[in-house]
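Before any comments, here is the structure.
Every read-out reported here was derived from the displayed coordinates using simple, explicitly stated rules and does not represent laboratory data. Since we're looking at a predicted model, the values are computed, not measured. Because the Cβ atoms are built from the backbone with ideal geometry, glycine has one as well, and the counts that use them run over all protein chains shown.
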Amino acid sequence: MAYEVIHTAPQTGDFTALSAHQEQTPGTFFGGKPVLHLHCTNAKLQMTRLELANHSDFAALSDCSNGWKEAAEITGMEFWVTSRYLVLWSNTRSMGIQIPYPTISLHAEDGVAVLLQLTLSDPNTTADEDLQVITPRLVPHTAGLHGDIPPVIAHSDAYMNGEATVVHPQQRLYNAISACQELNPDPNLDDDDEDGMGFDETAPGATGWITSENMADFVDEDGNFRMPEGATMIGDEDEGIDGEAGVPQNALGPGAGTTRTAAERDSTDGAEDEGKWQRTG
């Protein structure tokens, strides 16, 4: 579902404060309260008249006090940025829109607002040209932010050094939405991996390198090099023979995969040293 219409106002007690969540280990990772990252009061929601005319649930948030001009501005809004969903609540109409993060296909700072691109159609079953997309603008109020981030200071170290950085309301709202989106990745990406469309470069041997994690696949019990069953060596006979050397092109050279004991290595190194020029003078 792209979003859900709710008629019960969110309450602070419904959530775990971000500061409390960060200070303690949760008793369970499933079924607990959502974490409240940011709460904006006395905010505004801006949408075009055409968007409101085509989407009655969003139009119901407005009391039409501004006559629905070309760009409608809905006042008396609250924005609840939680770890599970974003809530746009209208105190005037006593109703709200609860939006899961996968519905937010894009968000960006836009002046004093945060612009959202909401994809209301299922992208898996709808052609790109038929997707229903709306772009509401969320305008937080300067004095109406109730979160765990200090209102003005971005970094405490900078404050102590006299180099405080002002964090504007729209920046805080953007950062909170970004953090929660990372907690709720698009499930369609997981489906692609299950269908074999994705590629995990961290899987042992996926990149073609022999590492400590997949060494056992390439070495037998005696420490001799071997190719795993079904594996293909780059430069095998199918790629042609190098006429000059008489070996497969790009194949491993003589001695590849050979192991030597310490005594054999010392003996060989000593023989090589005898044939080397010695510096004199």
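Observations
- Taking amide H as placed 1.01 Å from N in the peptide plane, residue 16 has its amide H under 5 Å from the amide H of 35, 36, each at least 5 places away in sequence or on another chain.
- In this structure, residue 14 and residue 217 have a Cβ-Cβ separation that, at R0 = 45 Å, corresponds to a calculated FRET efficiency of about 0.30.
- Label zone at residue 50 (point 7 Å along Cα-to-Cβ), backbone N below 20 Å, region 95-124: 105-106, 115-121
- Placing a label point 7 Å from the Cα of residue 60 along the Cα-to-Cβ direction, the residues of region 105-133 with a backbone N closer than 19 Å are 120-121.
- Taking label points 7 Å from Cα along the Cα-to-Cβ direction, residue 33 and residue 94 give a separation of 2.4 nm.
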